[in-house]
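J.: One structure, pasted below without further comment.
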Amino acid sequence: MLRKTSLLLFTMNFLFHPFLNAASVINTEDRPTSLIEMNEMIPDHHATHAELKILKRNEKRLNRFESLVQRMHKVYAEKKSGHAGLFTDPVNKWLWLWLITWGIGILVLVVSSGGVASPAIGIIWLLAFAIGSVALIIWLVKKFG
């Protein structure tokens with residue numbers, strides 16, 4: 001029990017350390033409303049080249065993070081709505097399986113000169129077309145049958 005507690009405290013010390021030491025820029029709770037003015041936020045010196053470089057890097061990181069959050073939000077919304085991607089429709093899965101396996105079969109046919117190069121490549125070619133043909137038949141039956 002003591003081991004788990006000490007591990008928890010040790011972990012929390014490292015995880016919450018930045019939050020505990022962070023000073024708030026403007027504490028609005030201690031001030032009445034409209035007491036903070038814009039001239040209080042103006043820095044008292046010009047930023048150096050190094051500070052500008054750090055600010056630009058942080059801005060780029062923030063923009064990348066915001067775009068990542070937008071993409072993740074879009075993916076989450078698609079998953080929640082049930083229309084995520086091409087492979088969600090059970091009928092169209094067979095269509096894509098047919099197209100991919102026949103594409104692999106044609107690619108193997110062109111690259112290996114018709115499966116004459118080696119028996120293993122010929123077997124891969126045959127299996128690709130066989131699986132693709134079965135997928136085509138299943139897709140036609142499910143789509144139009």
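J.: When you go through Asn13, Asn63, Asn27, Asn21 one by one, which is the residue that is modelled with pLDDT under 65, over 30 Å from Ile137 (Cα atoms) and surrounded by 10 or more Cβ atoms within 10 Å (Cβ to Cβ)? Full working, then the answer.
T.: Numbers: Asn63 fails: modelled with pLDDT under 65; Asn27 fails: surrounded by 10 or more Cβ atoms within 10 Å (Cβ to Cβ); Asn21 fails: surrounded by 10 or more Cβ atoms within 10 Å (Cβ to Cβ).
Criteria check complete, one pass: Asn13.
J.: Residues to consider are Ile131, Ile124; find the one that is modelled with pLDDT under 90, open to solvent by 80 Å² or more (accessible area, probe 1.4 Å) and not in a loop (DSSP other than H, G, I, E, B).
T.: Working: Ile131 fails: modelled with pLDDT under 90.
The conditions single out Ile124.
J.: Also, I was wondering about something else. When only residues in the stretch 135-145 that are open to solvent by 80 Å² or more (accessible area, probe 1.4 Å) and at pLDDT 90 or above count, which is nearest to Val108 (Cα to Cα)?
T.: Going through the stretch 135-145, the residues open to solvent by 80 Å² or more (accessible area, probe 1.4 Å) turn out to be 137, 141-145.
Next cut, at pLDDT 90 or above only: 137, 141.
Numbers: Ile137: 22, Val141: 28 Å.
Looking at residues that are open to solvent by 80 Å² or more (accessible area, probe 1.4 Å) and at pLDDT 90 or above, I get Ile137.
The values are calculated or read from the model by the stated rules, or taken from the named source; none is laboratory data. Given the structure is predicted, the values throughout are model-derived calculations rather than measurements. No Cβ is skipped: glycine too gets one built from the backbone with ideal geometry, and neighbour counts run over all protein chains shown. Areas reflect the complete protein model, heavy atoms only, side chains present, ligands, DNA and RNA absent. Shrake-Rupley method; radii C 1.70, N 1.55, O 1.52, S 1.80 Å.
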